[in-house]
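Participant: Below is the structure I would like to discuss, written out as structure tokens.
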Amino acid sequence: MSKVLWLDEPEEHDYPAAKSFLSLICEPIIVEQLLAKFRSAAVTQFKAKDIIRASQLARITNQNFNVDQDLKKIEKGKSLSPILLIRGGGKLGTPLIIADGYHRACAVYWNNEDDLIYAKIIDWN
């Protein structure tokens, strides 16, 4: 296990990546509103295992190319970009959405499921 280091803010290319994903599940006007909220949101921290559980997504294997690359960054002491999350709706039973950073979240999980992941989290409304 290596210590995970984080950048203070997501990298600029993370926002278009989130836009690409969100464009598959939201109307364009909603996507733009969500991106604006991400840009102004503060970075916070959550345990890797909690993010994976709340998203209800299966962990990507550590043999996946992108997960492996992020694990190598962790081992080399390179900082990762915070991930972008949209809070799920507990009453509605909707999961947490990982708008960008799924590979990073899985890499951190494989490093140590109790490691903290830096993230920006927003609500739908």
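Participant: Does region 21-34 contain at least one residue that is of a type in the set (S, T, Y) and in contact with a strand residue (DSSP E or B) (Cβ under 9 Å, 6 or more places away or on another chain)?
Facilitator: So far as region 21-34 goes, no, none of its residues is of a type in the set (S, T, Y) and in contact with a strand residue (DSSP E or B) (Cβ under 9 Å, 6 or more places away or on another chain).
Participant: A follow-up question, please. So is K37 closer than 17 Å to L5 by Cα, modelled with pLDDT of 95 or more and either of a type in the set (D, E, K, R) or part of a helix (DSSP H, G or I) (or both) or not?
Facilitator: no
Participant: While we're on this one: Check whether at least one residue in region 73-95 is part of a helix (DSSP H, G or I) and surrounded by 14 or more Cβ atoms within 10 Å (Cβ to Cβ), and report yes or no.
Facilitator: Looking through region 73-95, at least one residue is part of a helix (DSSP H, G or I) and surrounded by 14 or more Cβ atoms within 10 Å (Cβ to Cβ).
Participant: Quick one: which residue in L80, L71, L96, L85 is over 11 Å from the mean Cα position of the chain (by Cα) and within 19 Å of D115 (Cβ to Cβ)?
Facilitator: Every option except L71 fails the conditions.
Participant: I need a count of the residues in region 26-60 that are within 20 Å of G93 (Cβ to Cβ), touching a residue at least 24 places away in the same chain (Cβ under 8 Å) and surrounded by fewer than 16 Cβ atoms within 10 Å (Cβ to Cβ).
Facilitator: The number of residues fulfilling the criteria is 1.
Participant: Is it the case that F65 is surrounded by fewer than 13 Cβ atoms within 10 Å (Cβ to Cβ) and under 19 Å from W110 (Cα atoms)?
Facilitator: yes
Participant: Among the listed residues L7, L22, which satisfies the condition of being buried (at least 16 other Cβ atoms within 10 Å of the Cβ) and of a type in the set (A, V, I, L, M)?
Facilitator: L22
Participant: Follow-up. Could you tell me whether any residue of region 106-113 is closer than 24 Å to Q63 by Cα, not basic (K, R) and not in a helix (DSSP H, G or I)?
Facilitator: Yes - at least one qualifying residue is present in region 106-113.
The values are calculated or read from the model by the stated rules, or taken from the named source; none is laboratory data. Here the structure is a predicted model, which means the values were calculated and not measured. As a convention, Cβ positions derive from the backbone with ideal geometry for all residues, glycine included, and neighbour counts pool all protein chains shown.
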